[in-house]
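Here is the structure we will look at.
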Amino acid sequence: MSLNYIRNFYEGCVKPPTVIGQFHTLFFGSVRMFFLGVLGFAVYGNEALHFSCDPDKREINLFCYNQFRPITPQVFWALQLVIVLVPGAIFHLYAACKSINQECILQKPIYTVIYILSVLLRISLEVIAFWLQIHLFGFQVKALYLCDAGSLGKKFTIIKCMVPEHFEKTIFLIAMYTFTVITVVLCVAEVFEIIFRRLCFLIRQ
């Protein structure tokens, strides 16, 4: 049902003027959101409940989990998807208000430039998100996390904590990196396609 809603939403908007752009819309709007919404919840949904430390006390578990996860991956990736959607959404809203169709985007230089700028901004946001993801989560989730609990005033300042389902989280993490790379590649290819089609249009004139 959610996929049908996404498809109907995009059908009501101005479609991207390129084949690659339309494929990117399908990939971004369906596969990536579905992967995050369904599998992301299955992998990360109960992480805080199963995160345990030694000694296994609630206040220590909460303190160390907040240190381990300054921001949960689901929240980070959801924010990434929303923020990256903003440039395209603004352009499509503008195009809908001005009754700009696919042909106008390719034929009128000002619309072509604006569209390319929205794609370049999308690429920049994806690259920034990629860098932040590396900084926050790295490339591997280890089974053991050493928590600095000195501020709690406990006898042992370094506490060992077990990270549940660390291997599944590593696989999911790599998958999200892969999705980001695919999205950036599609956006770069879309820029080249729209420039090529614009040149072909000028040559035919």
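Quick notes on this one:
- When we screen Glu126, Glu103 for residues that are assigned to a helix (DSSP H, G or I), among the acidic types (Asp, Glu), out of contact with any Asp or Glu (no Cβ under 6 Å at 6 or more places or on another chain) and farther than 20 Å from Pro73 by Cα, the only hit is Glu103.
- Boolean, Val119 is within 30 Å of Thr170 (Cα to Cα) and open to solvent by 60 Å² or more (accessible area, probe 1.4 Å): no
- Residue in segment 136-145 that is over 28 Å from Ile194 (Cβ atoms), surrounded by 14 or more Cβ atoms within 10 Å (Cβ to Cβ), touching a residue at least 60 places away in the same chain (Cβ under 8 Å) and in contact with a strand residue (DSSP E or B) (Cβ under 9 Å, 6 or more places away or on another chain) present: yes
- Cross-chain or 6+ apart pairs with Cβ under 9 Å, segment 177-201 first and aromatic (Phe, Trp, Tyr), then open to solvent by 30 Å² or more (accessible area, probe 1.4 Å) and assigned to a helix (DSSP H, G or I): Tyr177/Phe130; Tyr177/Ile134; Phe179/Val31; Phe179/Phe35; Phe192/Ile20; Phe201/Gln107
- Candidate set: segment 55-79, residues that are in contact (Cβ under 8 Å) with a residue 60 or more places away in the chain and among the polar types (S, T, N, Q); chosen: the one surrounded by the most Cβ atoms within 10 Å (Cβ to Cβ): Asn61
- Residues that are closer than 22 Å to Phe172 by Cα and open to solvent by 50 Å² or more (accessible area, probe 1.4 Å) within segment 80-116 comprise Val82, Ile83, Leu85, listed in sequence order.
- Look at (1) at pLDDT below 85; (2) loosely packed, with under 15 Cβ neighbours inside 10 Å; (3) under 14 Å from the mean Cα position of the chain (by Cα); (4) aliphatic (A, V, I, L, M) and you find that Leu49 fails only one, number (3).
The values are calculated or read from the model by the stated rules, or taken from the named source; none is laboratory data. Just so we're clear, the structure is a prediction, and the values are computed from it rather than from any experiment. Please note: Cβ atoms are built from the backbone with ideal geometry, for glycine as well, and neighbour counts cover all protein chains shown. Keep in mind that these areas ignore ligands, DNA and RNA; they rest on the heavy atoms of the full protein, side chains included. Shrake-Rupley method; radii C 1.70, N 1.55, O 1.52, S 1.80 Å.
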